[in-house]
Amino acid sequence: MRVPIRMIGIATTFFWIFLIAFFVSAVYSVKDVHFDFGEPQMDVTSDNKVVFSLPVSIANSGFYNIGSFNISTEISDKEGFTITRGSTFVPVIKKNDVVTITHNMTIDLNDLLQQDKNYLFNDTELKIYEAVSMKIADVIPVQASTNFSVPWGASLYNFTLGKVEYAAHNLTHLKVVVLITFENRAFFDLVGNVQIQMYNSTDILVGEGQTNVEAHHNSPYHGYLELYVSIAGMTESGHFEVYFLTPFFNYGPLVIPYG
Amino acid sequence: MADTNNDFKTKVRNFTFKALKATVKGILFYGIYFVLWMFLASISEIVPGFQQMVETFVMVYILLIIIGELTSGTIFQYFFNVAKALFVIGYLIFSLKGGIFGLTFQNVSLMVDLRLFLAIAMLLSLLGLAKSVLQAINYMNEKAEYTRI
């Protein structure tokens, strides 16, 4: 019986040494894994979606491969509604290897505005959940996650149509000049087209016009829009319908009464 | 009288030898801990209480090694070996919180899944436990045979 007992002892000791050595070296090699997050970039796809790209460089100088590397991001509003989520997965990062990946997230601003137009006109806060997970030495799963908030700046903050000025154009038409003011507090420069349709008190279209707008982020915009309306259809009061066409979003009508 | 004297001397010599062996084993174990700690020291900066947790484990384990060595040649040696194996199992389960180890550092939550490591460690500890039980049975068996002869 002594021999089997001794064999059990030798096997146990061997496996303990192997387990401890493996665990300690795996933990120790984590310090030789370096992450480098590049400058976030923004792009617009052909179908008018905003794509955020975050270049991430992972240098694995440790003793073991890193398996199932995953970065995931979830953006939600204050009520917890998920706006978008993105995930980037790398199956294996070999030892002594440098891998550069681009973590992409797509936001469809049109969808977002369908849900709540306040994103266009009011500042708010977005909640971001970020998680990085990996398997150290392909066997020890590790996950780091964090929650934080980022301010969302409205691209048409405080959008107003100023005082409407009328001038005679010809015998049948008037030239109407409308002052457009807003502040672009969004993270992107706003370049697009604003169309205004003027309706009289009986909801009949009396004239329309459009203008190009260009507002850099964090800057106010003041501009005039001219439209020609028929004198016959004019009433003292009515409403404007405003449409916005930009590479990022299309929105309208925004109804603003006049008179 | 001379026999009693010789018996006492043998006992003292045996005990001194056991104490020496226990001391060497204890120092050796502490040396291994000391070397391994150099690699794991960086964790203690992130995980609060990690050093204390490991030190407590090492202290109790060394104590059990010393007691086990001092009681070698008796049935109590195997009792302490069983206690050592059970202590390892219990301590690993409690300190690693079932294998899912989580902590929050500033605003970042870190989660380490050590279930595989824990399962293997449990298995090896159970093997150690089985070995101690077998040794105890073997000891009793040999003692019975010796008494019969």
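The values are calculated or read from the model by the stated rules, or taken from the named source; none is laboratory data. The structure presented is a predicted model; accordingly, all values stated were derived computationally and were not measured. Neighbour counts run over all protein chains shown; Cβ positions are idealised from the backbone, glycine included.
Of all residues in the stretch A:21-48, count the ones that are within 7 Å of another protein chain (Cβ to nearest Cβ) and of a type outside the set (D, E, K, R).
The total comes to 4.
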*With the condition kept exactly as written, say whether any residue in the stretch B:34-57 is over 30 Å from A:Ser29 (Cβ atoms), assigned to a helix (DSSP H, G or I) and of a type in the set (A, V, I, L, M, F, W, C).*
no
_Check on B:Lys84, more than 9 Å from every other protein chain (Cβ to nearest Cβ) and of a type in the set (Lys, Arg)_ = yes
*asked:* Just checking, does the stretch B:97-117 include any residue being within 30 Å of A:Gln143 (Cα to Cα), in contact with a helix residue (DSSP H, G or I) (Cβ under 6 Å, 6 or more places away or on another chain) and of a type in the set (Gly, Ala, Ser)?
replied: yes
*Out of the stretch B:125-142, which residues are within 9 Å of chain A (Cβ to nearest Cβ), aliphatic (A, V, I, L, M) and surrounded by 15 or more Cβ atoms within 10 Å (Cβ to Cβ)?*
B:Leu127, B:Ala130, B:Leu134
*Among residues of the stretch A:31-51, those that are modelled with pLDDT of 85 or more and buried (at least 17 other Cβ atoms within 10 Å of the Cβ), counted*: 1
*Got a sec? Which strands (runs of 3 or more DSSP E) wholly within the stretch A:25-99 have at least 1 residues that are touching a residue at least 24 places away in the same chain (Cβ under 8 Å) and within 16 Å of the chain's Cα centre (by Cα)?*
A:41-44, A:50-60, A:66-76, A:82-93
_Looking only at residues that are in a loop (DSSP other than H, G, I, E, B) and buried (at least 17 other Cβ atoms within 10 Å of the Cβ) in the stretch A:140-179, which one is farthest from the other protein chains (Cβ to nearest Cβ)?_
A:Leu156
*Could you please give the count of residues in the stretch A:58-84 that are farther than 30 Å from A:Ala21 by Cβ and either among the hydrophobic types (A, V, I, L, M, F, W, C) or at pLDDT 90 or above (or both)?*
7
*asked:* Could you list, ordered by first residue, the pairs with Cβ atoms under 6 Å in which the first is in the stretch A:239-250 and without any contact (Cβ under 8 Å) to a residue 60 or more places away in the chain and the second is of a type in the set (A, V, I, L, M) and in a strand (DSSP E or B), at least 6 apart or interchain?
replied: A:His239/A:Val255; A:Glu241/A:Val255
*Looking at (1) outside the structural domain of A:Glu74 (by TED's automatic domain parsing); (2) under 50 Å from the mean Cα position of the chain (by Cα); (3) not basic (Lys, Arg), find the lone condition where A:Thr13 falls short.*
(2)
_Residue count for the stretch B:1-48, restricted to those that are exposed (fewer than 12 other Cβ atoms within 10 Å of the Cβ), in contact with a Phe, Trp or Tyr (Cβ under 8 Å, 6 or more places away or on another chain) and aromatic (Phe, Trp, Tyr)_ = 0
*Residue tally, condition within 17 Å of B:Phe57 (Cα to Cα) and hydrophobic (A, V, I, L, M, F, W, C), over the stretch B:76-116*: 12
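For the stretch B:106-124, give me each residue that is in a helix (DSSP H, G or I) and either of a type in the set (Lys, Arg) or facing another protein chain (nearest Cβ under 7 Å) (or both).
Just the residues of the stretch B:106-124 that are in a helix (DSSP H, G or I), to begin with: B:115-124.
Across the stretch B:106-124, the qualifying residues are B:Arg115, B:Leu116, B:Phe117, B:Ile120, B:Ala121, B:Leu124.
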_the stretch A:190-248 - residue that is part of a loop (DSSP other than H, G, I, E, B), under 20 Å from A:His169 (Cα atoms) and among the hydrophobic types (A, V, I, L, M, F, W, C) and, of those, nearest to the chain's Cα centre (by Cα)_ = A:Met234
_So A:Lys127, is it within 14 Å of chain B (Cβ to nearest Cβ), among the basic types (Lys, Arg), surrounded by 13 or more Cβ atoms within 10 Å (Cβ to Cβ) and in contact (Cβ under 8 Å) with a residue 40 or more places away in the chain_ = yes
